[in-house]
Amino acid sequence: MASGKIILGITGGIAAYKTVELARGLTKKGYEVYPVLTAGAENFVTPLSLATVTGNKVLKETFTEEEPILHIKLTDEADLIIIAPATANIIGKIAAGIADDLLTTIVAAKNCPVLLCPAMNTRMYQNSIVQDNLNRLKGHGFFLLEPDSGNLACGHEGPGRLPEVQQIIAEVEKILSDKLLTGVKVLVTAGPTREYIDPVRFITNKSSGKMGFALAQAFRDLGAEVYLVSGPVSIKPPFGITYIPVETTEEMANKVEGLFEQVHIVVMAAAVADFRPKVTYQQKLPKENSTSIDFVKTKDILKSLGQRKGRKFLVGFAAQTHDLENYARQKLIEKNLDLIAANDVSRSDVGFDSEENELLVFTRDGRKIFFSRESKKIVAQKLAQLIGEMYLNKQNEKG
């Protein structure tokens, strides 16, 4: 579970109704949420709803007999201030240093990061004064989550929608997480690849992509800039990363090799097909036809990267049904890896298409580390932390 105290500032925009779900989502994650409403916000959301989902009193008044300096007490304890929706009005007031209600007074006295989530009419958002104010606040270190585009409540279409609740929560997790890998670029591969026999038939495997996607999110939360290259999967990519979908091994090789020189860490978690049909038929083969299919090996992407690794940190996965340790150790050396994570895909409770995983990790310096069975999200967080620490140690050793 996450931890930390968050001040959730809610202003008078139509999107304010979504903040009940945001407050509930943050609370379920483990954050302690203190809702602060402006006068206009009460037109769109009720204090009772917010108090119910957060378990905390909704705050509106700057000065009370109970807490005469409430804004100082709150900012002394807060880990993050979120303003959602951030209207043109509140953005302008903060940019001008105005503190005339509880929320703006809290921001003026802030002792923690502030995340602004603008939401308003498209023309208002694109107004040069509003944009100048946003740029000014970014220059002062405020975090800004760009609005989504789409149909707005006013009937217009364009940028101005409050981002999805899960996207805001992802941004919160990124801001509050340990920034071990700030400035580091990480490439993760995930999912299976498909090798086509004809336009509708292909060979593939049971990989769901869940482990690779969880790793991409874990690296993002450590502050890294993440590129996720994935084969066909049925899950949504994490917010805040660059997602690149592919189908075949050749497509994955081309994307990975094109990005290789730009990144510092490469984690090849994809279950790449080892073979492809020697001939791909351009029309669907009638099932009445009896045919034999000859296979040839696909490109060994990991080995190719290992041959030109340089100072990069290269990680592979070993998915095996037997003799797991020997296979992983051999692959670690043959592919010139810094680390390899091995999992037993003969089991139904971990590995392919499962919600959980269990890993044996082998490092170039001879360590053997066991990650016991847990959710793929938790295992990915532990593995990403280990990779990040090893990468930084490697860079420090080489100067």
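The values are calculated or read from the model by the stated rules, or taken from the named source; none is laboratory data. This is a predicted model, so every value here is computed, not measured. We place every Cβ from the backbone using ideal geometry, glycine too, and count neighbours over all the protein chains shown.
What strands (runs of 3 or more DSSP E) lie completely within the range 337-399 and have 3 or more residues being buried (at least 20 other Cβ atoms within 10 Å of the Cβ)?
Hits in the range 337-399: 339-344, 356-363.
Counting residues that are assigned by TED's automatic domain parsing to the domain that holds P159 and modelled with pLDDT of 90 or more, which helices (runs of 4 or more DSSP H) fully inside the range 1-92 reach at least 3?
19-29, 47-54
Given (1) out of contact with any strand residue (DSSP E or B) (no Cβ under 9 Å at 6 or more places or on another chain); (2) surrounded by 22 or more Cβ atoms within 10 Å (Cβ to Cβ); (3) hydrophobic (A, V, I, L, M, F, W, C), where does F213 come up short, assuming only one miss?
Exception for F213: condition (1).
Given the criterion in contact with a Lys or Arg (Cβ under 9 Å, 6 or more places away or on another chain), at pLDDT 95 or above and either of a type in the set (D, E) or over 24 Å from F295 (Cα atoms) (or both), identify the matching residue among V246, V226.
V226
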